[in-house]
Every structure is written in structure tokens, then in C-alpha cells.
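The values are calculated or read from the model by the stated rules, or taken from the named source; none is laboratory data. What you are looking at is a predicted structure, and each value in this text was computed from that prediction instead of being measured. Positions of Cβ are generated from backbone atoms using ideal geometry, with glycine treated the same way; all protein chains shown enter the neighbour counts. Side chains are part of the model used for accessible areas, which takes the heavy atoms of the whole protein and leaves out ligands, DNA and RNA. Shrake-Rupley method; radii C 1.70, N 1.55, O 1.52, S 1.80 Å.
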Amino acid sequence: MRAEVSRMDINEKKNDIPETFVLKEIDLVQSCINRMAANSFDIKKWSVGIIAILAGLLKQNMLSHNCKIGALFLMVIIVFWGLDAFFLKTEKLYRKKYSWIIKNRAKGNSSNLFDLNPYNKDMMLDKGAKMPHLICVMLSKTLFPFYAGLTAFCVVVFMW
């Protein structure tokens, strides 16, 4: 019992941060990453679902083929695409924060402890790097093919 206390005192003096704090902080950031990924997946499910419902109504002749319906298809795609890009951008920022925590907490850096703000530039490994822009994330290799395919599907359904 006495040896455990002295080892713990040495570790706390060396790092100035209890190991439980670091583990909890990593856990909190990881849960934010998981939440952003789940939100992104839910956005994709909703966008496909709404487009499928609109396409089904269009084929059942419950909606007429006019410019307003085409604009509705386009609006749904753009809104969900933007939301999905926002969640992906935030997930990327949390991943940068996670890397920073792993690297700097081991060195004993206790600044910004339990800070979950993804836009905190002090918690980035590459301090000179710019934040990813929403448009760049929208055109990324993970989002662009999905929403371009969904747009192509809507064009085919609308023109058919």
C-alpha cells in the first residue's frame, strides 16, 4: 500500500496530471468523434430516405414534373450535403485534438485540460495549418461521390 502511494506521487509530480484525468479526457474526445460519425451516418440515411420518398411520390404521379419539384430535390440534397460536411469537418477537428492530447499529455502539458472546443487552435499539432473549409470538406473524396450519385439519381428519376 505504501509503495503504491509513493509511485503515484512520483507519477503525479512527473506529469502533473493524474492518469485518470488523461484517460477521461481521451474518452470524452473519442465520444465526440463517435457522435460526429453517427450524425454523419444519420444524415446520409435521412437524405436517401427523403429522396426515395420524393421519387416514389413522383412516380406515383402524386407530384407533377415541374421546376418546383426539381428545386425541392436539389434543395434536399444541398442541405443534407452541407450538414454532412459540417459533421465530417467537426470530426476531423476532434481527431486533431485527440492526437494533440495523446502527444502533449504524455509530456505533462496540462493546458486546456478537458477543453472540448474543436476550434481551439492551441490544441492542434500543426499550429500553422488552417481549419478545413466547409466547401473543401463537401468536395472531399468521401462526400462528393455519395451526393453526386444521389444528384444523378434525382436527375434520372426527374427526367424519366
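Overview of results
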quantity: Complete set of residues in the stretch 49-59 that are surrounded by 12 or more Cβ atoms within 10 Å (Cβ to Cβ) and over 24 Å from the mean Cα position of the chain (by Cα); calculated: Ala52, Leu54, Ala55, Gly56, Leu57, Leu58
quantity: Residue list for the stretch 30-48, restricted to those being open to solvent by 90 Å² or more (accessible area, probe 1.4 Å) and in contact with a helix residue (DSSP H, G or I) (Cβ under 7 Å, 6 or more places away or on another chain); calculated: Trp46
quantity: Residue count for the stretch 116-128, restricted to those that are loosely packed, with under 15 Cβ neighbours inside 10 Å and either at pLDDT 75 or above or within 22 Å of Ser31 (Cβ to Cβ) (or both); calculated: 7
quantity: Residue match in the stretch 82-92 (condition: farther than 30 Å from Val22 by Cβ and open to solvent by 30 Å² or more (accessible area, probe 1.4 Å)); calculated: yes
quantity: Candidates Ser99, Ser64, filtered to the one that is at pLDDT below 90, open to solvent by less than 80 Å² (accessible area, probe 1.4 Å), among the hydroxyl-bearing types (Ser, Thr, Tyr) and more than 21 Å from the chain's Cα centre (by Cα); calculated: Ser64
quantity: Candidate set from the stretch 14-29 (those that are in contact with a Ser or Thr (Cβ under 9 Å, 6 or more places away or on another chain) and either farther than 17 Å from Asp115 by Cα or not in a helix (DSSP H, G or I) (or both)); member that is most open to solvent (accessible area, probe 1.4 Å); calculated: Asp16
quantity: Leu143 in contact (Cβ under 8 Å) with a residue 60 or more places away in the chain and either under 30 Å from Leu72 (Cα atoms) or exposed (fewer than 11 other Cβ atoms within 10 Å of the Cβ) (or both); calculated: yes
quantity: Filter result (open to solvent by 40 Å² or more (accessible area, probe 1.4 Å), of a type in the set (A, V, I, L, M) and more than 17 Å from Trp160 (Cβ to Cβ)) within the stretch 67-81; calculated: Ala71, Met75, Ile78, Val79
quantity: Of residues in the stretch 129-138 being surrounded by fewer than 13 Cβ atoms within 10 Å (Cβ to Cβ), of a type outside the set (Lys, Arg) and part of a loop (DSSP other than H, G, I, E, B), the one nearest to the chain's Cα centre (by Cα); calculated: His133
quantity: Matching option when the condition is within 30 Å of Phe114 (Cβ to Cβ) and either among the small types (Gly, Ala, Ser) or modelled with pLDDT of 80 or more (or both), among Ile78, Ile33; calculated: Ile33
quantity: Yes/no for Ser31 being in contact with an Asp or Glu (Cβ under 6 Å, 6 or more places away or on another chain) and among the polar types (S, T, N, Q); calculated: no
quantity: Out of Leu72, Leu83, Leu113, Leu93, sole residue that is in contact (Cβ under 8 Å) with a residue 40 or more places away in the chain and either under 30 Å from Gly149 (Cα atoms) or touching a Leu at 6+ places or on another chain (Cβ under 8 Å) (or both); calculated: Leu83
